[in-house]
Amino acid sequence: MILETKFVEFVPSELEERFLYISVEYGTVVHLCACGCGNKVVTPLTPTDWKMTYDGETVSLNPSVGSWNLLCKSHYWIEANEVVWAERWSNEQIEAGRNAEKLAKMNHYGEFIQKGPSEEKQEGWWLRIKSWFQ
């Protein structure tokens, strides 16, 4: 499947199938899941999430898109605007991937962001260890 790109400031509320909506201003690429389930897939462009390559004509995203929170659990790459299907991950692989993502964020940002009602930021793990030794 080939996807068309639309560079936008704001992602529209109604998405069209087979389009990648790219907001450079907000560092986000959004599209409808490639499996056809109709769910919105958001890929934030950050140092610890996805990277986008634009060659003047096509877009590639890295790493792969894993829709682990969706019922379809689709897994694919977007390479030069083309959807390239990847192997389906087991629940163990998904959990390992999520843990690797958390570790990458902790290492990059130097802190653990606890998600919850308060969205409080916890001290970085290295600060907790340092204070424990003091």
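Every number here is computed from the coordinates shown, using simple stated rules; none is lab data. Quantities reported herein were computed from a predicted structural model and do not represent experimental measurements. Note: ideal-geometry Cβ built from the backbone for every residue, glycine included; neighbour counts use all protein chains shown.
Applying both filters, DSSP loop and at most 16 other Cβ atoms within 10 Å, to the chymotrypsin sites (Phe, Trp or Tyr not before Pro) of the range 12-93 gives Tyr26, Trp68, Trp89. Shape class for the range 1-89, computed from the alpha carbon gyration tensor (a ≥ b ≥ c): rounded, with a/c under 1.5. Which of Lys6/Lys102; Lys6/Lys51; Lys6/Lys105 have a Cα-Cα distance over 22 Å? Over 22 Å apart, Cα to Cα: Lys6/Lys102; Lys6/Lys105.
In this structure the amide hydrogen of Phe19, modeled in the peptide plane, comes within under 5 Å of the amide hydrogens of Glu4, Leu32, none closer than 5 places in sequence on its chain.
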